[in-house]
Each structure stands twice: as C-alpha cells, then as structure tokens.
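Peer 1: Below you'll find the structure I mean.
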Amino acid sequence: MDNDSLYFLSNWANVESGGNALLTMWNIFKHISIHHYLTVAAIIFTIGFYGVIVRRNAISILMSIELMLNAVNLNFVAFNQIWGLKITRAAFTSNEDVLTPVGQIFTIFIIIIAAAEAAVGLAIVIAFYRQRHSVKVEDADLMRW
Amino acid sequence: MAISFEIVFFGVFAGIAVILAIMMLSVKSPVHAALCLVGVMIMLAILYLMLHAYFLSVVQIVVYAGAVMVLFLFVIMFFYSPGASDPSRMSVHFTHIAGAIILAVILLAVITGSFLLSGNVSLTEKPSAAQMTDIEKPIAETSEAPLTEETSRMIEKQNPQLVGRMLFTKYLLPFELTSLLLLAAMVGAVVLARRSPPAEAGSAGGDGND
C-alpha cells in the first residue's frame, strides 16, 4: 500500500543515513496525510497567538483567541481520523467497524465553550467601555499598582 | 507519482485560510478583520469536510461563522467609528518583530520536526497485544493505516447519526452540563452588559443585588 509505507517510512533514519532532508519532507508532502492538517493548524495557531500578544484592542484579542481555538479544533478532527477509537457495530448482515468520532464530539464541546467565552468576553468589553470609554487593554490598569 | 487532486484542494483552501488569518491581523478596519475571521472559519469548515467530519463542518459554519461572528460584528459596530484611526496599531514595536521572529522559528522547528520525526514510530516493531494497556489497544489497532482506503471507508460511516448517537448516550452528562454553562454565560453576559446598574437598582426599589 503506497500510503501506508509512505506514512511509516522511517523519515529520520533516511535523513541520518545520508538522505536529503528536504527531499524526504517533499516525499511526505506530496501525499495528503495528517501532517498537512497539523501544519495548517500550527500556522493558524501561531498567527492567533501572535495576535493575542501584539494587539491592544480587546475585541481583536478575542478574535485572535477564536482563531487559536479553531486551530485546536482542526487538530482534534485530524487526529480523530487516525486515532479514533474503533468500535464494532452490529449491522444488518454482519458486524462492521466504525471509528467513533470522539474528537469531533470534543470539538463540538470546544465550539460551545468558545461561544460562551465570546459572549462573556464581549460583555466584559462593553462593561469596560462604559467605565473607561476605551477598549484598549492597557487602559485596564486599576489593579496595576 | 503525480500530485493528487486532494492535495491541490487542500493546498488551495488551507492557503486561503492562512492568508485570511494573516489579513485578519494586518487589515486596519476591525469589520474587515472580523470578515477575514469568518473566511478562515469557512475554509476550516471545508477542511473538516475533507476530513469526513460532515456534521462538524455544518456546525462550524452555523455556530462559528454565523452566531459567534455576528456577536463580534455587533460589538464592533457598537464601538467602531470609521473616521478614527487607531494610533497604537501604527507603531511597530521592536518587541513585536522579535516576538514574530521567535514564534516563526518555533513554528518552523515544530513543523519540520513533526515531518521528519514522525516515521520513527515504525522503526520499532508493533507492540504485541499483551504489552498494551486497554486504553492503547484500539489506538494501536487503527494507527496502522492512516487515511488509507479501508480507514476512509470506516470514516465514511462517521455520519451525523454516529455523532448524535454518541453525544446523547455516552457523552450525555457533559452535553447537558454545557447547557448549564451556556445558561450561566447568558446570565453573565446580560448582567455584565446591563446599562448603569446603580440607577436600575435604585429604581427597582431595594432588591438591589448587583
């Protein structure tokens, strides 16, 4: 099986024994695998993290947090496709193997909690704006000293 | 072997997602930033489709791109005045660039490491069933064939029916607890965003809990 041998190719051993690291990476990259999803999730997570530490607008920070949560969700779904628990379900004629979507269910919970977080966070921003007439996080300095 | 269609689709949608995520941080108007975030979420929903997570893909669009982002847009419209430019965004700090470089280095290291070191698993032979704990057993069973034809045939059966069945049987208690969480969040949001609590407490005539 092409995919199989490709995925479980000993990549690092190949590099150690004199193989080209870039060529090895390209060989993995040519075929779709979990690595692609994990890479995209890592990139989006990093962008979101950068937004959280750089932006000063509270709403932008909340949006960046949403970006990070989305990246984590993508990780969960991708991992679920290869490491989901396999169960045997009784079908009409015989038993069939199905992967339980545990990662997807966890992702649903994350989405629910993200919705709650967005609602409470935005309410805090509104309340803060009423107090200080600003949405900058550096204006929230009552407990600074 | 030629590059497959699947990876072309993946590259297009993942590329759009990453570009929109970068645009979210770089555009000036917060409304445009929110729209970029909506775009990222829709692209991620397409990636979920490619991962055979059909129900989740629809939930992502309806809940995230729909409900949550409408909430964000409401609040942005509440605060945003188009004429006012944000002076704090114009100043590019040295620390910002340093942080970006550090994050980029870490990201590259993680990606390269994940690509190169992943095959190491296969160097050791597969552990026998007796050596595995109960938790590891089903994982090791399926980790042999990631995204092969057989696996994707099994994944095909991961329809909304299966998600719903698990959500309402095995994970019923957490599911019900999230309804409590949402209720608490709703009450909290209403209390926090209420206009001028002291005046209302005065007019309400003494049952004034804040």
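Peer 1: For the list (1) more than 19 Å from B:Y54 (Cβ to Cβ); (2) in contact with a helix residue (DSSP H, G or I) (Cβ under 8 Å, 6 or more places away or on another chain); (3) modelled with pLDDT under 85, I need the number of the one condition that A:S94 fails.
Peer 2: Condition not satisfied by A:S94: (2).
Peer 1: Follow-up. Return the residue satisfying two criteria in turn: it lies in the stretch B:46-80 and is under 22 Å from A:K136 (Cβ atoms), open to solvent by 20 Å² or more (accessible area, probe 1.4 Å) and among the aromatic types (F, W, Y), and of such residues it is nearest to the chain's Cα centre (by Cα).
Peer 2: Selected residue: B:F74.
Peer 1: A further question on this structure: Which pairs have Cβ atoms under 6 Å, sit 6 or more apart or on different chains, and link a residue in the stretch B:163-177 that is surrounded by 13 or more Cβ atoms within 10 Å (Cβ to Cβ) to one that is not in a helix (DSSP H, G or I)?
Peer 2: Qualifying pairs under 6 Å: B:V163/A:P101.
Peer 1: Hey, among the residues in the stretch A:8-24 that are open to solvent by less than 40 Å² (accessible area, probe 1.4 Å) and either within 24 Å of B:F9 (Cβ to Cβ) or part of a helix (DSSP H, G or I) (or both), which one's modelled with the lowest pLDDT? Let's see the steps before the verdict.
Peer 2: Filtering the stretch A:8-24 down to residues open to solvent by less than 40 Å² (accessible area, probe 1.4 Å) leaves A:10-11, A:13, A:15, A:19, A:21, A:24.
With either within 24 Å of B:F9 (Cβ to Cβ) or part of a helix (DSSP H, G or I) (or both) added as a condition, the list becomes A:11, A:13, A:15, A:21, A:24.
Details: A:N11: 57, A:A13: 60, A:V15: 63, A:A21: 70, A:T24: 70.
It comes out as A:N11.
Peer 1: Out of everything in the stretch A:97-135 that is modelled with pLDDT under 85 and within 7 Å of chain B (Cβ to nearest Cβ), what residue ends up being surrounded by the most Cβ atoms within 10 Å (Cβ to Cβ)?
Peer 2: Applying the filter and picking the extreme gives A:P101.
The values are calculated or read from the model by the stated rules, or taken from the named source; none is laboratory data. In this text the structure is predicted, and so the values were computed from the model without any measurement. Positions of Cβ are backbone-derived with ideal geometry, glycine not excepted, and every protein chain shown enters the neighbour counts. These area figures cover heavy atoms from the full protein model, side chains too; ligands, DNA and RNA do not enter into them. Shrake-Rupley method; radii C 1.70, N 1.55, O 1.52, S 1.80 Å.
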